Amino acid sequence: MRTQVCIIGGGPSGLLLSELLYRHGIDSVVLERQSRTHVLGRIRAGVLEFGTVELLRRAGVGARMDRQGIIHDGIVVAAEGRAFRVDFRQHVGKQVMVYGQTEITQDLYDAADARDGRIIHGVDAVTLNDLETDAPWVSYGLDGTTERIDCDFVAGCDGFHGVSRRSIPARVLREYEKVYPFGWLGVLSETPPASDEVLYANHPDGFALCSMRNTALSRYYIQTSLDDHVDNWSDQAFWDTLRRRLPAHIADTMITGPSIEKSIAPLRSYVAEPMRWGRLFLAGDAAHIVPPTGAKGLNLAASDIHYLFSAISAYYDGDPDLLDTYSDRALARVWNAIRFSWWFTERMHRFPGQTGIEQRLQEAEIAYLEQSEFAQKSLAENYVGMPY
Ligand code: APR
Ligand code: PHB
């Protein structure tokens, strides 16, 4: 088999790249390890930067998002029993869209199906070959046979546990990691959201977050210890802990219900450099992981794909130079989002062994954010997303 771009990974990054390439007349094949049902069963964050919204529209998959997505003008920050808004429209003239990643992935799969896009599920033993030549090729197993794809480029969109990043020689790859000493216990419930906008709460017992997928489907998180387990948490225990960490006027009015999904996720910051090796280009979780505090995971995948699509389409239009600047351009935006997510995580969570003064310093920082137009502008421009 031959294609112009072989995309490893059928998550948001790989599917979005494939759709953008198709609309530019560039052929691709997507190799996905899991079944489509498995991919669509993943529960992920759903806050989209304005750049991500525009890119999805440009890829031709924004119609359902525009119908069903919820525009938010800001977020709510809570501490010491108080809550205040940070108004993005007022501060930076931009908004964010709440629309689940699962829905985006579904929309991308639907678009690929409508054009008979080549997405091969259930592959194994994917190997990347001759990446340092102008004729790379990919081999993979499918139903007991070994197949080969010859291509011009390989897009490593296979997430943190994929094969692509590991195909960059160890002598070349630089890795940066920070593991946070806590996790997030998340619950999905078919209840109306406790807050009209995403709410981030700092509390001496730990962080809490109130979000939503739509007006009848709420998403909540509470900070929990790294050695905790979902089985330790009844729904009632979750709701009681969540309510303790929220301001009373929200806790006392929120509607709870049975969890339809409950899981614990660790928090880490991770960046791999460079994001290119020969004809291999990494994008999304294959190259970086952010703590979910800033809702940047999917949005960074989108900006990577914006830069990568621009570089590959320019190459086929006769200008190869953007290929050489892809990694630096993508990493500049990645590191700023990593910084912002680290900054927000450090201020909103209770760290093991945190002393009284450290709690008071967090509360003082949040009080400064409440009072300062300039502090709020800074948070707003980072949360809605820096320009591509
Ligand atoms: N071969 C083929 N496919 C693979 C391989 C492999 N060796 N390894 C992993 N995959 C697939 C995974 O099954 C997954 O479907 O690659 C896909 C990677 O998708 P994601 O992990 O979702 O990463 P990405 O597409 O970059 O999207 C980033 O997803 O995990 C969230 O928080 C993250 O919101 C962010 C978004
Ligand atoms: C979510 O809706 O799942 C969500 C929202 C905001 C975050 C993280 C997760 O910062």
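Values quoted throughout were computed directly from the atomic coordinates according to the rules given, and no laboratory measurement underlies them. These numbers come from a predicted model, not from an experiment. FYI the Cβ positions are ideal-geometry reconstructions off the backbone, even for glycines, and counts take in every protein chain you see.
Annotations for the structure displayed:
- Placing R0 at 45 angstrom, the Cβ-Cβ distance between residue 90 and residue 205 gives a FRET efficiency of 0.90 after rounding to 0.05.
- Placing unit charges on the Cβ atoms of the charged side chains and taking the dipole of the chain about its Cα centre, the candidate lying farthest along the positive direction among 199, 11, 97 is 199.
- Compared with the dominant Cα axis of the chain, that is its longest principal axis, helix 235-245 is turned about 70°.
- Of every Cα-Cα pair in segment 166-271, the percent that sits beyond 22 Å: 37
- Global form of segment 107-245, assessed from the alpha-carbon gyration tensor, a/c cut-off 1.5: prolate
- Isolated Cys residues of the chain, judged by Cβ distance under 4.7 Å to other cysteines: 157, 210
- Beta bridges per DSSP, both residues in the chain: antiparallel share near 75 percent.
- Ranked list, fewest to most other Cβ atoms within 10 Å of each Cβ, for 84, 374, 160, 238: 374, 160, 84, 238
- Note on segment 36-105: Kirkwood radius taken over Cα pairs, Stokes-Einstein applied at 37 °C and 0.692 mPa s, translational D equal to 242 µm² s⁻¹.
- Cα-based values for segment 299-388, radius of gyration first and Dmax second, are 18.5, 61 Å.
- Mean Cα-pair separation over length for the chain, i.e. relative contact order, pairs under 8 Å, 6 or more apart, %: 20
- Separation in nanometres of the label points that stand 7 Å from Cα toward Cβ, at residue 139 and residue 120: 1.3
- The shape of the chain can be summarised by an equivalent ellipsoid whose semi-axes, obtained from the alpha carbon gyration tensor, come to 37, 21, 20 Å from longest to shortest.
- When only alpha carbons are used to place a centre, segment 15-47 and segment 172-213 end up 25 Å from one another.
- Taking the fewest neighbouring Cβ atoms within 10 Å as the starting point, the ordered list for 210, 6, 157 is 210, 6, 157.
- Furthest towards positive pole of dipole, 75, 117, 131, structure part segment 72-139, Cβ charges: 75
- Calculated SAXS-style log₁₀ I(q)/I(0) at q = 0.21 Å⁻¹ - segment 8-142, Debye, Cα scatterers: -1.24
- Whole-Hz ³J(HN,Hα) from phi, Karplus 6.51 cos²θ - 1.76 cosθ + 1.60, for segment 247-255, glycine and proline x: x, 4, 5, 8, 4, 6, 10, 5, 9
- Rounded to the nearest 20 debye, the dipole size of the chain about its Cα centre is 380 debye, using +1 on the Cβ of Lys and Arg and -1 on the Cβ of Asp and Glu.
- Net charge dipole size for segment 185-298 [Lys, Arg +1 and Asp, Glu -1 on Cβ; Debye, nearest 20]: 460
- Note on segment 326-347 and segment 214-257: Cα centroid distance 29 Å, given to the nearest whole angstrom.
- Theoretical FRET efficiency, 1/(1+(r/R0)^6), r = Cβ-Cβ of residue 23 and residue 248, R0 41 Å, to 0.05: 0.20
- Degrees separating the helix 321-348 axis from the principal Cα axis of the chain, which is the longest one: 20
- Look at the Cα gyration tensor of segment 214-310: its axes a ≥ b ≥ c give a/c of at least 1.5 with a/b over b/c, and that counts as prolate.
- Segment 1-64: relative contact order in percent, alpha carbon pairs under 8 Å with at least 6 residues between: 32
- The spacing between segment 110-147 and segment 286-304, judged by their C-alpha centroids, is 25 Å.
- Counting only Cβ charges, +1 for Lys and Arg and -1 for Asp and Glu, the dipole size of segment 281-343 around its Cα centre is about 420 debye.
- Against the chain, whose longest principal axis is taken from its Cα atoms, helix 101-114 shows a tilt of about 30°.
- As a proxy for reagent exposure, ranking 173, 300 by other Cβ atoms within 10 Å from fewest up yields 173, 300.
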